[in-house]
């Protein structure tokens with residue numbers, strides 16, 4: 001079954017190219033951190049979503065359902081601009097319904113499952129806004145979680161996580177700086193929903209939480225500095241004449257906190273945030289092998 005991650009990568013890569021050509025004049029946005037007004041197709045995250053769902057269904061179809069259902073909320077958000085409360089409510093309904101499949105009795109894990117899916121789904125949707133950031137972080141998080149499963153000799157969960165990683169890795173090729181495709185919420189919401197569900201059901205939630213610490217930091221900074229904001233109230237960072245991004249006030253986030261003390265290019269900022277995620281992924285591995 002090791003061929004599944006390879007096939008998932010290939011399918012996602014080809015389908016992303018197809019969606020770029022289809023969406024460039026239908027559903028597109030403008031890259032806010034470029035001097036030129038660059039038009040970039042949105043909602044191309046449907047490619048890794050459909051690819052991972054297709055091949056994961058050959059291993060365990062219920063996880064494909066998690067990916068697809070959370071992506072459907074993202075599609076609604078991309079098309080209608082749902083409020084944060086509406087998005088959380090829909091994800092909560094999905095997580096509650098899915099919990100009935102995994103848990104037939106009332107247990108602490110059931111509650112963790114119900115609340116974690118909407119929370120982490122929003123986390124992976126919020127730490128975003130720079131070329132390759134959210135997708136790169138999602139790939140890293142999924143890869144580290146797959147290693148946790150491998151260390152536990154859970155080959156089924158390892159293959160499921162690796163198949164998910166490979167589909168998003170293919171999309172990252174088009175989403176990295178300079179981005180030729182944006183994932184849309186339909187591509188980012190499933191990351192947190194899928195990974196949290198996979199970790200809880202396979203009893204690796206503690207290590208998943210460690211992997212997700214950068215997301216906790218980002219969400220905490222945003223909430224403490226601005227509360228719950230709708231997307232249209234977000235203000236981009238300022239692109240200087242030197243090509244660096246600058247923080248000029250407004251709400252705080254993990255990327256903005258970094259820029260507040262050290263302005264840098266978009267590419268350098270994303271690499272810095274990826275590096276932070278790698279550190280926490282390695283910490284999760286270290287905890288796993290020492291406990």
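Tally the residues that are within 18 Å of residue 49 (Cβ to Cβ) and either part of a loop (DSSP other than H, G, I, E, B) or touching a strand residue (DSSP E or B) at 6+ places or on another chain (Cβ under 7 Å) (or both), restricting the search to region 127-179.
3
Being touching a helix residue (DSSP H, G or I) at 6+ places or on another chain (Cβ under 8 Å) and over 25 Å from residue 9 (Cα atoms) is the requirement here; does residue 198 meet it?
In short, no.
Going by the conditions given, is residue 59 in a loop (DSSP other than H, G, I, E, B) and either in contact (Cβ under 8 Å) with a residue 24 or more places away in the chain or closer than 18 Å to residue 196 by Cα (or both)?
yes
Right, residue 109: surrounded by fewer than 21 Cβ atoms within 10 Å (Cβ to Cβ), assigned to a helix (DSSP H, G or I) and in contact (Cβ under 8 Å) with a residue 40 or more places away in the chain or not?
It is true that residue 109 is surrounded by fewer than 21 Cβ atoms within 10 Å (Cβ to Cβ), assigned to a helix (DSSP H, G or I) and in contact (Cβ under 8 Å) with a residue 40 or more places away in the chain.
Hey, any hits in region 5-27 for a residue that's outside any helix (DSSP H, G or I), touching a residue at least 24 places away in the same chain (Cβ under 8 Å) and crowded, with 16+ Cβ neighbours inside 10 Å?
Yes, the conditions are met somewhere in region 5-27.
Please enumerate the residues belonging to region 260-284 that are over 22 Å from residue 206 (Cα atoms) and surrounded by 21 or more Cβ atoms within 10 Å (Cβ to Cβ).
266, 269, 270, listed by residue number.
Restricting region 264-283 to residues that are in contact with a strand residue (DSSP E or B) (Cβ under 7 Å, 6 or more places away or on another chain) and in contact (Cβ under 8 Å) with a residue 60 or more places away in the chain, which is farthest from residue 245 (Cα to Cα)?
It comes out as 269.
Collect the residues in region 206-237 that are at pLDDT below 95, surrounded by 14 or more Cβ atoms within 10 Å (Cβ to Cβ) and not in a helix (DSSP H, G or I), keeping them in residue-number order.
Listed by number, the residues that qualify are 229, 234, 237.
For region 32-45, indicate whether the set of residues that are touching a helix residue (DSSP H, G or I) at 6+ places or on another chain (Cβ under 6 Å), part of a helix (DSSP H, G or I) and buried (at least 19 other Cβ atoms within 10 Å of the Cβ) is non-empty.
First, the residues of region 32-45 that are touching a helix residue (DSSP H, G or I) at 6+ places or on another chain (Cβ under 6 Å): 33, 41, 43-45.
With the extra rule that they be part of a helix (DSSP H, G or I), the set shrinks to none.
The answer is no, given that none of the residues of region 32-45 is touching a helix residue (DSSP H, G or I) at 6+ places or on another chain (Cβ under 6 Å), part of a helix (DSSP H, G or I) and buried (at least 19 other Cβ atoms within 10 Å of the Cβ).
Collect the residues in region 33-56 that are in contact (Cβ under 8 Å) with a residue 40 or more places away in the chain and in contact with a strand residue (DSSP E or B) (Cβ under 8 Å, 6 or more places away or on another chain), keeping them in residue-number order.
If the condition is that a residue be in contact (Cβ under 8 Å) with a residue 40 or more places away in the chain and in contact with a strand residue (DSSP E or B) (Cβ under 8 Å, 6 or more places away or on another chain), then 33, 34, 35, 38, 40, 41, 42 are the ones that fit.
Tell me, which residue of region 241-291 that is within 20 Å of the chain's Cα centre (by Cα) and outside any helix (DSSP H, G or I) is farthest from residue 126 (Cα to Cα)?
252
Those residues that are modelled with pLDDT of 95 or more and over 13 Å from residue 75 (Cβ atoms), I need them from region 31-46; list them, please.
40, 41, listed by residue number.
Of the conditions (1) under 30 Å from residue 83 (Cα atoms); (2) modelled with pLDDT under 95; (3) in contact with a strand residue (DSSP E or B) (Cβ under 7 Å, 6 or more places away or on another chain), residue 240 clears all except one; give me its number.
Unmet for residue 240, out of (1) under 30 Å from residue 83 (Cα atoms); (2) modelled with pLDDT under 95; (3) in contact with a strand residue (DSSP E or B) (Cβ under 7 Å, 6 or more places away or on another chain): (1).
Against the definition (touching a residue at least 60 places away in the same chain (Cβ under 8 Å), buried (at least 18 other Cβ atoms within 10 Å of the Cβ) and in a helix (DSSP H, G or I)), how does residue 183 come out, yes or no?
Judged against the criteria, residue 183 is not a match.
The values are calculated or read from the model by the stated rules, or taken from the named source; none is laboratory data. Just so it is clear, the model here is predicted, and its values are computed rather than measured. FYI the Cβ positions are ideal-geometry reconstructions off the backbone, even for glycines, and counts take in every protein chain you see.
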